[in-house]
Structures are given as C-alpha cells and as structure tokens.
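Structure record follows, encoded as structure tokens.
The values are calculated or read from the model by the stated rules, or taken from the named source; none is laboratory data. Source: prediction; values computed, not measured. For neighbour counting, all protein chains shown are included, and Cβ atoms are generated from backbone atoms with ideal geometry for every residue, glycine included. With ligands, DNA and RNA removed, areas are computed over all heavy atoms of the protein, side chains included. Shrake-Rupley method; radii C 1.70, N 1.55, O 1.52, S 1.80 Å.
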Amino acid sequence: MNAPTRGNVVVTGTSTGIGRAAALRLASEGFSVFAGVRREEDGHALRNDAGGSVEPLLLDVTSAESIAAAASRIGDATGGGLAGLVNNAGVAVAGPLEALPIEDFRHQIEVNLIGQVAVTQAMLPMVRAAKGRIVLISSIGGRLATPFMGAYHAAKFGLEAVGDSLRQELAPFGIEVVVVEPGTISTPIWNKGADRAKEAREHLAPDAEDLYGASLDQVEKVARRSNERGIPPEKVADIVLRALITSRPRTRYQVGLDAKVGTRIRRLAGDRLMDRLIARATGL
Ligand code: NDP
C-alpha cells in the first residue's frame with residue numbers, strides 16, 4: 001500500500017453497496033483502506049475501481065479464524081495502528097417471527113451484531129494504538145421496528161446498544177465510537193433479502209403460508225421498491241468520512257430524509273400511533 005496520509009482504515013463488507021462506496025471514498029480522501037471481502041474477485045474489482053490505496057482483505061465476520069488472520073495481516077502491514085474501523089458488513093433476513101427458521105434468525109444476529117463485536121475486539125488494540133475511531137453502520141431499523149423484519153431489527157437495536165456501551169467504555173482512551181443510521185439506500189441488500197425470503201417461503205409450513213402469504217408478497221414488493229427508491233450509497237460514504245475526520249463527531253448520524261424524520265417521529269409517537277404510521281407507509 002502507498003504511504004497513508006490520513007492513516008489506515010478497515011471497512012468490512014466492501015464487495016457492494018455502502019461498504020464499497022465507503023472504501024472508495026476513504027481511499028480517494030487519502031486513507032489507506034483495508035477492504036473486507038469474502039471473495040478474491042470482489043477485492044480485485046474494487047482495487048481496479050479505486051483512485052487511491054485499497055488493499056483487499058479476506059474477511060468473513062462470522063469466522064473467528066478469518067477475523068484473526070485479517071487482524072494479524074493488518075498488524076504486520078501497518079505496524080499496528082488503525083485510524084479507523086468501519087463495521088459495515090450485513091445481511092437482511094425477512095420473514096414472520098412465528099415461522100422464521102431459528103437458524104435464519106441466528107445467522108442474522110451472527111452477521112450483523114456478533115460479527116461487528118468480534119471484529120471490533122480483534123481490531124481494538126490497533127485502533128487504540130493510533131487513537132482511531134470506530135464507526136458502526138446501524139440503520140433507522142435500529143431505532144424503529146417494522147413487521148416481518150424482526151430478526152434484522154433485533155440485530156440493529158442490539159448494535160445501537162453496543163455503540164452506546166462501547167462509546168462510554170472507550171471514552172477514557174480517547175477513542176470515538178460513532179453510530180451511522182442510514183434510511184433507505186439503493187444497494188443489493190434489498191433484492192438479496194427479497195430473493196432469500198422468496199426461497200425461504202418455499203419451505204414454509206402450509207399453515208404459515210396461509211397466515212402470512214399475502215403479507216409476504218407485500219414485504220417482497222416493499223423491498224424491491226426500496227431498492228429503486230433509495231438514495232445512493234455514496235451519501236452514506238460521505239457521512240462515514242465525516243465521522244472519521246471531523247474534529248468532534250456526533251455520536252449518531254442519520255443519513256437520508258426518511259431516517260431523520262423517522263427518528264424524530266419515533267421519539268414523539270407512542271407505540272400504537274407508530275404501528276399505524278408504519279402500516280400506512282408499508283401497506284403491512
Ligand atoms: P450490500 O448487500 O450491498 O452489502 C453487504 C456487504 O456485507 C457485502 O459486501 C457482503 O459481502 C457483506 N457480507 C455479508 N455477509 C458477510 C459476512 N459473513 N462477512 C463479511 N461480509 C459479509 O448491502 P448494504 O450496502 O446495503 O449494507 C451494508 C450495511 O448497511 C449493512 O449493515 C446494512 O444493514 C446497513 N444498512 C443498509 C441500508 C440500506 O437501505 N441498504 C439501510 C440501513 C443500513 P458478500 O457480497 O460477500 O455477501
């Protein structure tokens with residue numbers, strides 16, 4: 001990697017979407033980026049598109065061995081200093097909580113919550129050495145919960161709590177922890193989630209299909225529409241950059257009008273009113 005001007009940063013989940021946009025933006029702004037990918041070809045594609053320094057890093061956030069190998073590689077390459085860790089990798093598992101296979105629920109939590117904590121634990125000594133920052137990509141879905149996305153919300157609400165605890169635990173070391181809460185962003189996560197949910201429906205018990213089939217049709221419609229209507233992932237990348245370089249970052253940043261408005265309404269509205277507003281907005 002080229003000599004960093006702003007320092008070294010790790011971004012997880014950079015094959016597509018927000019992680020990819022963040023990796024490219026940070027590299028173009030002078031960071032040396034270790035870009036987490038699960039397939040080598042994704043790393044090559046990313047490096048080809050990068051205007052700055054991007055080093056693909058094989059990293060599956062659900063594998064302890066993969067995380068340890070990645071941390072060791074970064075330590076060797078940097079001499080042990082990280083200006084930033086951007087925990088971004090994630091999946092979206094949809095389905096009714098009553099019938100969602102428990103292994104699917106577990107997988108959601110494993111990737112979007114436990115994986116973030118495991119990567120943070122592994123990288124923290126290097127973040128501490130450089131008095132770096134930790135960014136957690138949460139979601140408006142970490143502040144308010146919609147039907148048929150319970151597993152996803154459980155992971156994101158959990159990540160919000162992790163962000164609060166970690167921020168307080170690391171304040172004495174001068175390490176900032178910033179939670180980023182995007183609204184609807186146009187990335188492959190929506191169609192991947194919809195495809196996965198469609199596949200899962202084929203194995204749904206017949207009575208669950210009777211109970212939830214119509215709602216699940218609507219969930220799929222909403223997901224695919226979200227992909228079309230979302231704002232570009234570069235908007236989140238801008239905020240990730242700000243979270244890493246601004247002299248005094250906020251503890252939370254919402255990205256997109258829907259995230260900003262949604263957070264305010266959630267603060268003011270009671271549960272029943274919130275349920276009605278969500279039903280109206282989603283048709284669920
Ligand atoms: P994408 O599907 O485009 O990107 C997800 C990334 O996570 C991919 O690079 C994927 O890699 C990676 N990933 C998945 N599983 C693992 C794993 N086990 N280990 C390492 N990497 C993994 O989605 P987004 O860019 O939308 O999502 C990024 C983050 O932003 C997620 O945490 C998501 O919850 C959050 N978010 C997204 C919003 C949106 O509207 N899109 C809104 C709010 C938050 P691979 O290609 O190998 O699967």
**Prompt:** Pick from Ala83, Ala70: which is away from the ligand (no atom under 15 Å from the Cβ) and buried (at least 22 other Cβ atoms within 10 Å of the Cβ)?
**Reply:** Ala83
**Message:** Suppose the filter is farther than 30 Å from Asp217 by Cα and aliphatic (A, V, I, L, M); does Leu124 pass it?
**Reply:** yes
**Request:** Please work out which residue is farthest from the ligand (Cβ to nearest atom), limiting yourself to the range 37-67 and to residues that are open to solvent by 20 Å² or more (accessible area, probe 1.4 Å) and closer than 13 Å to Asn8 by Cβ.
**Result:** Gly52
